[in-house]
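The values are calculated or read from the model by the stated rules, or taken from the named source; none is laboratory data. For clarity, every value in this text was computed on a predicted model and none was experimentally measured. Reconstructed Cβ throughout: ideal geometry from the backbone, glycine too, with neighbour counts over all protein chains shown. The area values use the complete protein model at the heavy-atom level, side chains included, leaving out ligands, DNA and RNA. Shrake-Rupley method; radii C 1.70, N 1.55, O 1.52, S 1.80 Å.
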Amino acid sequence: MTTTAEVEKPRADPGTGRAPRPRPGRIRRIGLPYLLLLPALVLELLVHLVPMAIGIVMSFKELTQFYIRDWGTAPWSGLDNYRVSVDFDAPVGEALLHSFLVTVGFTLLSVGLCWLIGTAAAIFMQDTFRGRGLLRALFLVPYALPVYAAVITWVFMFQHDNGLVNHVLHDQLHLTDKPSFWLIGDNSFYALLTVSVWKGWPFAFLIVMAGLQNIPGELYEAAALDGAGMWQQIRRITLPSLGPVNQVLVLVLFLWTFNDFNTPFVLFGRAAPEAADLISVHIYQASFVTWNFGTGSAMSVLLLLFLLAVTGVYLAVTSRGRRASHAR
């Protein structure tokens, strides 16, 4: 005697002996998710994948200003553009390597400072006090402002003769012997880093603040009863609980900062100083200033491969570390 209910199979058509076709309503339910995804897939194809494929093809061509009108007729160069880009003893490769190293240093400092300031502000804003809502809104202003409007404001603030930065540092606080040039020379790196951190830390603040909402308050109450201080609570409860959030946050900040073009371009113009020569602006100059689109495309492909490799290694390492912590 069977104790479990048997699943009734679709009855066959008496005339043909075949199973009945699925109902149209069921087909619509199954196909609806794919239909809703279709516009996003089409836009992704048109905006990202097609230009990416064209850029890869261009990287194998000797594409200069002489073939702009009909770039498909440009002669094939094979891997010559890639060889020129990675030949670090030649001027082109040496300049690309310098730009890459500047970008790595800039990205590490910017991401670290954005995360540190954003996390500290989010933890501070967990306490209830008068004016907390207003302060949260003020913290998000740099992130909400349009990039061009915000960076142009900083351009005026960094002016040598009448900029606010020199007025405060030199005229008011007397921290410098003379007004500094912030948009040229070595100081341009610190100016770019300042603008990047000012613009990026509110995003870290927003993400960490959202992650803190998922930490139960009972954990902090139990830790306080056990005699744990504020720093011990942050170290033992807050930071471990924010692990998955920080994993995504750091990766997004890294990719955004490494690829950032708008900030240095608006801050310095078409020719960035050597100390602030980020790789995004360097590739732009190699393509649209020297009119060597083949070499610029090869540099872009190399940048894409580097970012894909870093992303893969980062996700593998962080996922392995998270699994090891769960196993313990």
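Some notes on this structure:
- Just one of the listed residues (SER99, SER85) is over 14 Å from VAL195 (Cα atoms) and within 21 Å of the chain's Cα centre (by Cα), namely SER99.
- Selected residue [within 18 Å of the chain's Cα centre (by Cα), farther than 24 Å from ALA271 by Cβ and not aliphatic (A, V, I, L, M)] from GLY78, GLY112: GLY112
- The sole residue among VAL208, VAL250, VAL289 that is open to solvent by 30 Å² or more (accessible area, probe 1.4 Å), β-branched (Val, Ile, Thr) and farther than 18 Å from LEU108 by Cβ is VAL289.
- At least 1 residues being under 19 Å from the mean Cα position of the chain (by Cα) is the threshold, and among the helices (runs of 4 or more DSSP H) wholly inside region 213-310 those reaching it are 243-258, 262-268, 279-284.
- Just so you know, in region 152-175 the residues that are open to solvent by less than 50 Å² (accessible area, probe 1.4 Å) and closer than 17 Å to VAL197 by Cβ include one that is nearest to the chain's Cα centre (by Cα), and it is TRP154.
- Residue in region 81-96 that is within 30 Å of THR238 (Cβ to Cβ) and polar (S, T, N, Q) present: no
- Filter result for THR194 (open to solvent by 20 Å² or more (accessible area, probe 1.4 Å), of a type in the set (S, T, N, Q) and touching a His at 6+ places or on another chain (Cβ under 9 Å)): no
- Number of the exception - VAL92 against (1) open to solvent by less than 70 Å² (accessible area, probe 1.4 Å); (2) of a type in the set (A, V, I, L, M, F, W, C); (3) under 18 Å from the mean Cα position of the chain (by Cα): (3)
- Count - residues of region 137-151 that are surrounded by 13 or more Cβ atoms within 10 Å (Cβ to Cβ) and in a helix (DSSP H, G or I): 6
- Some residue of region 66-83 being among the charged types (D, E, K, R), open to solvent by less than 70 Å² (accessible area, probe 1.4 Å) and not in a helix (DSSP H, G or I): no
- Here region 32-65 is the region considered, the condition is being in a helix (DSSP H, G or I) and of a type outside the set (A, V, I, L, M), and the residue that is least open to solvent (accessible area, probe 1.4 Å) is GLY55.
- Cβ pairs under 8 Å, 6+ apart, first in region 305-320 and more than 13 Å from LEU255 (Cβ to Cβ) and in contact (Cβ under 8 Å) with a residue 40 or more places away in the chain, second open to solvent by less than 40 Å² (accessible area, probe 1.4 Å) and assigned to a helix (DSSP H, G or I): THR318/GLN247
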